[in-house]
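In what follows, a single structure is set out as structure tokens and then discussed.
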Amino acid sequence: MTLMKSNYKYKGANVNTEFDMTGKVAMVTGASSGFGMHFAKILAARGAKVAVAARRVERLESLVAEIEADGGEAVAVAMDVTDSASIVSAFDQAEAALGTVNVVANNAGIADVKSALKIDEAAFDRMIETNLKGVWIVAQEAAKRMITAGVSGAIINTASILGLRVSYGQSSYSASKAAVIQLTKSLALEWAGKGVRVNALCPGYFLTEMTEAAFASPEAQEFLSASPARRPGDMDEMTAPFLLLASDAGSYLHGVALPVDGGQSIGSM
């Protein structure tokens, strides 16, 4: 058997340069808030050119201004992940402005906390269309362009610990995120030999715009205090795990579903 020779040469760990993203062109979906906004900022801070994408373009413009004020380079592009034409247009705009996208934070998603008997068909379809189909179309579009351009790259899908196990009142969300994890592994298997790495982050409970109101309830506080870490995650605690999967430091990682959850996935849900 003849083994394929790799052009990658490991240069050894250096805490100052290990997560350097200089020369990378990134697309961040769902960048108008939460994890997406955070990912965009840390990519730009480490040297990547960043296209920030979401439906709320006015919020993206503020994010671009903030990144540029800190010395980074970014552009805002409108994207609705439930609309394939919108996805193609966003990639076209990003490519024209910055070059071929070779890092994708595939982050856009929605949540809907309802018991299974209260979820109607339209709500279930919306969950799957956004959280699963949207992730698939964005990943496919990115991989096509990378492979055509002959560049290697990384796609990081945002899944959830609720894709690994379940919690009450989250059936449609859990189903969508479990599917994202299996999709991640399937795409990683197909594209590893083409130079495109695909991995997934599985966040636990973090303080974001989407979760802020829910965390304020006494029930949520009681739940979090009983979790292994006894608190929600801080956004900065997602930085290194994300950059591991996005940067060349993770060059031998394919199909990983990485929990970042303070032990919640191994504790009581």
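Positive end of the dipole of the chain (Cβ unit charges, origin at the Cα centre): among PHE35, GLY163, ALA78, the Cα lying farthest that way belongs to GLY163.
When only alpha carbons are used to place a centre, segment 135-187 and segment 212-269 end up 17 Å from one another. Panel order for SER86, SER62, SER217, by other beta carbons found within 10 Å of each beta carbon, from fewest to most: SER217, SER62, SER86. In the chain, which whole DSSP H runs stretch at least 27 Å along their own axis (Cα) and average 0.0 or higher on the Kyte-Doolittle scale? Sorted by number, the helices that extend far enough and score high enough are 171-191.
List residues of segment 132-172, by number, whose backbone nitrogen lies under 16 Å from a label position 7 Å along Cα→C-beta of VAL88. Backbone N within reach: 137-146. Relative to the Cα centre, the charge distribution of the chain, modelled as +1 at Lys and Arg Cβ and -1 at Asp and Glu Cβ, gives a dipole magnitude of about 940 debye.
When a/c reaches 1.5 or more, the comparison of a/b and b/c decides; with that in mind, is the chain rounded, prolate or oblate per its Cα gyration tensor? Taking the square roots of the gyration eigenvalues as a ≥ b ≥ c, the chain is rounded. Listed by Cβ neighbour count within 10 Å, with the fewest neighbours leading, MET235, MET79 appear as MET235, MET79. As a length-normalised measure over Cα pairs under 8 Å and 6 or more apart, the relative contact order of segment 160-239 settles at 24 percent. Scoring 180-186, 159-165 by mean Cβ neighbours within 10 Å over their residues and listing the highest first yields 159-165, 180-186.
Computed from the C-beta positions of MET235 and GLN182 and an R0 of 41 Å, the FRET efficiency is 0.95 to the nearest 0.05. Here the relative contact order of the chain, from alpha carbon pairs under 8 Å that lie six or more residues apart, stands at 17 percent. From its DSSP helices (H runs of at least four residues, each -39,500 (n - 2.57)), the chain gives a residue-normalised ellipticity at 222 nm of -12000 deg cm²/dmol. Stick to Cα atoms and the Kirkwood definition of Rh, then tell me Rg/Rh for segment 35-179. With Rg and the Kirkwood Rh in hand, the quotient comes to 1.00. When the charge dipole of the chain is built from unit charges on Cβ atoms (+1 for Lys and Arg, -1 for Asp and Glu) and taken about the Cα centre, the candidate among VAL88, SER152, VAL64 whose Cα reaches farthest toward its positive end is SER152.
Values in this text are rule-based calculations from the coordinates and carry no lab data. Only a predicted model underlies this, so the values are computations on that prediction, with no experimental measurement involved. Quick reminder, even Gly has a Cβ in these numbers, built from the backbone with ideal geometry, and neighbours come from all protein chains shown.
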